[in-house]
1. Using a 1.4 Å probe over the heavy atoms of the protein chains, calculate the carbon and sulfur portion of the accessible area of region A:1-155 as a whole percent.
2. Please report, in debye to the nearest 20, how large the charge dipole of region B:137-279 is about its Cα centre when each Lys and Arg carries +1 at its beta carbon and each Asp and Glu carries -1 there.
3. Return the Rg/Rh ratio of region D:1-140 with Cα-based radii and a Kirkwood Rh.
4. For the rotation that brings chain D onto chain A, whose beta-carbon in chain D is nearest the axis, and what is that distance in whole angstrom?
5. Amide H to amide H, which residues 5 or more places from B:Asn25 or on other chains are under 5 Å from it, using H placed in the peptide plane?
6. Rounded to the nearest 500, what is chain D's calculated 222 nm mean residue ellipticity when only DSSP H runs of at least 4 contribute -39500 (n - 2.57) each, over all residues?
7. With the label 7 angstrom out along Cα to Cβ, how close does C:Gln12 come to the same site in each of the other copies, in nm, nearest first?
8. Zone of D:Gln114 (label point 7 Å along Cα→Cβ, backbone N under 19 Å): which residues in region A:229-253?
4 protein chains.
Amino acid sequence: RAGRPTWCVLYQLSKAGKLCVPAMNVNDSVTKQKFDNLYCCRESILDGLKRTTDVMFGGKQVVVCGYGEVGKGCCTALKALGAIVCITEIDPICALQGCMDGFRVVKLNEVIRQMDLVITCTGNKNVVTREQLDRMKNGCIVCNMGHSNTEIDVASLRSPELTWERVRSQVDHIIWPDGKRVVLLAEGRLLNLSCSTVPTFVLSITATTQALALIELFNAPEGRYKQDVYLLPKKMDEYVASLHLPNFDAHLTELSDEQAKYMGLNKNGPFKPNYYRYHCVVDND
Amino acid sequence: RAGRPTWCVLYQLSKAGKLCVPAMNVNDSVTKQKFDNLYCCRESILDGLKRTTDVMFGGKQVVVCGYGEVGKGCCTALKALGAIVCITEIDPICALQGCMDGFRVVKLNEVIRQMDLVITCTGNKNVVTREQLDRMKNGCIVCNMGHSNTEIDVASLRSPELTWERVRSQVDHIIWPDGKRVVLLAEGRLLNLSCSTVPTFVLSITATTQALALIELFNAPEGRYKQDVYLLPKKMDEYVASLHLPNFDAHLTELSDEQAKYMGLNKNGPFKPNYYRYHCVVDND
Amino acid sequence: RAGRPTWCVLYQLSKAGKLCVPAMNVNDSVTKQKFDNLYCCRESILDGLKRTTDVMFGGKQVVVCGYGEVGKGCCTALKALGAIVCITEIDPICALQGCMDGFRVVKLNEVIRQMDLVITCTGNKNVVTREQLDRMKNGCIVCNMGHSNTEIDVASLRSPELTWERVRSQVDHIIWPDGKRVVLLAEGRLLNLSCSTVPTFVLSITATTQALALIELFNAPEGRYKQDVYLLPKKMDEYVASLHLPNFDAHLTELSDEQAKYMGLNKNGPFKPNYYRYHCVVDND
Amino acid sequence: RAGRPTWCVLYQLSKAGKLCVPAMNVNDSVTKQKFDNLYCCRESILDGLKRTTDVMFGGKQVVVCGYGEVGKGCCTALKALGAIVCITEIDPICALQGCMDGFRVVKLNEVIRQMDLVITCTGNKNVVTREQLDRMKNGCIVCNMGHSNTEIDVASLRSPELTWERVRSQVDHIIWPDGKRVVLLAEGRLLNLSCSTVPTFVLSITATTQALALIELFNAPEGRYKQDVYLLPKKMDEYVASLHLPNFDAHLTELSDEQAKYMGLNKNGPFKPNYYRYHCVVDND
């Protein structure tokens, strides 16, 4: 998510015919996606909140805006620790996933008054507006796990009628004229980057993916890659994963010749046929 | 999964240049995939086991072979009910997902002696061999949630030294000469189809997807579809999902004009940019 | 729960001075309580609902009335399978536990219109009234996991303006004049006894507890037990548990002499000092 | 747990006839127990580990020694975040609970070589011995959530052949001659007190309980309390809980007169009959 600008720009350059070298979109490799977003955020949402606010999660009412990978990670973790979580979504597929995973799908305005915690993970801007900030209850904690610093309309809070009080590093109390306080974390910037740490394991996954992508681009025979944006070849994505399995003492099963033939697979991978998409839709254009 | 033959055949026909009409691969639409596989199997594994064996899940040692969508559904449900679950995988990416989700990744041979329950969800054949059946402990339950009836080598059990005893519909005890009994469900055919029911909700998702695909093919302007296999247009996939949201009293958020512009999206969807892939890898070829 | 009448009567007899032999309250032994109530109901609520209605749990709105052992079991299971669960309680301690476990604590009237599923586990009567049945939405499923057949006011449904339609064994549709249908299971009797099975493992725990209690009463030296109601001696409760551990390949740790001394315990148990109460309050009178 | 010495001493004094005033054992009130132990430790184990080591929980192999309230909290949280957790126990009842909750019950020696994380919550001493520390793998993290600083035999690590390296506050690397490092947190003292914070909510519960106990002792009519140790009257325990419910917007259900009569309860509580014990055994002696 934080990386979106880069790959987004690459696609825009490519579309405009202005990309002058082949590029690899490592952000969207399965391994990196899952680690940086789902699995890493599942932990960093808890970590970031504890280090800044010491809030107890049990029984807290939470709304998570956006049920993509990051939102799924946040929801899973908070629910597991006893929070009562609902979500907002614009995409009906993600919304239906949310239902199946046990989260009420609401509009932010419907619940904003009751929430103890508001978390944005949308990739969008002004997801939490000044009007909604005005309606929050005293003590409500607001933070951003999505991208940039625009998901919460922080600018609207820099206004003469509101007082800002820095209570500790990365934690501001915004005080309304009636004394109500909203707790804003990291001034609306990314909580996971500002107030939590990134496990070395995730760094290792990311660095390995990037290094392999560079090696692939460097070693590729003339003509394999044109001035376009490519995804990491699936086999290489699998290789990154396989390099990290020993850490977990995980033992991979090998296909027998007979099984590989039955599946139409090479015994050394890639292990998914071309039309496999790890639970996903693919464009036809 | 059960549908695999059909779409698999379509791709083979297409590859061989023998497909004489456009075809829609509805099996791989996000909505259908998630419902038929992940969410439906999460429930039917429990239902199928209870109706056939009345087994208590708490404390049982379970190995799930294959950690794709179906495997993920089975693992989630059984773990939630207190079973101790480990998995086998051939694909390092899925194996690493398994680690992150809290399952030990093992080879079947390492654990087969201790298991109370062996479940296959691989799409492969001979995943459970006669040798492994020989090593199972007395009372071990074996069943197939994957595809066809080849995942467990049932043929090897039709052998003179073993006695089959039908204890109730869909449940056979295979009795070894030393008296050991292995409980085989549905003679190795799909447990979810043989011993469980499909919720009407899932049927509705599937039927809606199929109907919309037919309508799209019928209404499409000349030339949109050639003699090839297509995935359901993303917008239509989203439409299927949106039709089912009212059932859950789920309230979708609408983008403001400003937000739609910021995201580069049409307010009515599709809600994911073309390069979005619901956590997935895509081939470049 | 189902056993309440028996032990309840024993205490009443004792209080009235009419108990003419010593009696053992086996219902309240830890082992039996946990198995019969929490762990068994965690599974039988799912089993009973599936066998009768084939309902999909994912995304369903559920209210569980009563958050004792049975309620906790039902809530845990349904939440794990993606239902959105809230609870009702009369006891503030159990209500606070519910909060910490991530369930909204509501009054039944506040939510009755939205619910897909209403489950009673209170030990009380008329927990679901005719007025509330009148306000349920079409298709709402109502069942009782608590005790007796009085938790739902079923009598009020045997009324000329309502039509009963038996759709399968244990499942009645109650049809309102406007066509609304409420799905009543087991005519309000216990779902777990009527529509689900009891795992042999639970039977074994219960039978072992009862047998040991009888042996203890028979073998006890003159004077150990008077004409009163006793709880199973803790050591015997532990013994029941220890007899069932091998089933799970569970390996108990033994105290060293030094450790036993430090803890003030006998190495063979009982392992809890007299003032230990498995998370509980005890009366001083 | 941390409070054990105090109430333990009170019981010893009482037993020895040396208690010269009435005392209230507030530690064992349900409300305080649950909050200080189960619910608080469920969060502080994660918080304490993150702040000290930044460890990623997903896929980690963890052994939790002791499956009482604190152990249950630790296990629940770590399992929910993707760790693979097993437990050790001396008490067969707690061990059987562990099985039902999905944890393998092992002896520490069986698993010590594979563990990434060893957590003690036993109330005992020398639960982790020098011999076991010698067998841990490189990078293993060891910490104590139980009591005192004796659960891990830290003294045995202050030995000339081992090097201690303080890597940050509360974190020591113990370095073996072969270069192996074990990560010891808080020098074996309580992780939750040393490296985590206590939510204000838990403090409020504890303080309220203590204040009410003092008020009760002060206001009690002559003769209600003798020179002994008492548990907080159940009604007062319920009162503490009820005072905290509004924080969660939790709405308690009130008994009707008819229901109170049916249950044999006073409408204002206490809500559990005298023989109720929140899932517990009570001694008759």
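The values are calculated or read from the model by the stated rules, or taken from the named source; none is laboratory data. In this text the structure is predicted, and so the values were computed from the model without any measurement. Cβ placement follows ideal geometry from the backbone for every residue including glycine, while neighbour counts extend to all protein chains displayed. For the accessible areas, the whole protein counts, side chains as well, though only heavy atoms, and no ligand, DNA or RNA atoms are used. Shrake-Rupley method; radii C 1.70, N 1.55, O 1.52, S 1.80 Å.
1. Result for region A:1-155: 53 percent of the exposed heavy-atom area is carbon or sulfur.
2. I would put it at about 140 debye.
3. Rg divided by Rh gives 1.03.
4. Nearest to the symmetry axis by Cβ: D:Ala80, 2.
5. B:Tyr230, B:Leu231, B:Leu232
6. Using -39500 (n - 2.57) per qualifying helix, the result is -10500 deg cm²/dmol.
7. From this label point to the equivalent ones elsewhere in the assembly: 4.7, 7.1, 7.7 nm.
8. Zone members listed by number: A:244-253.
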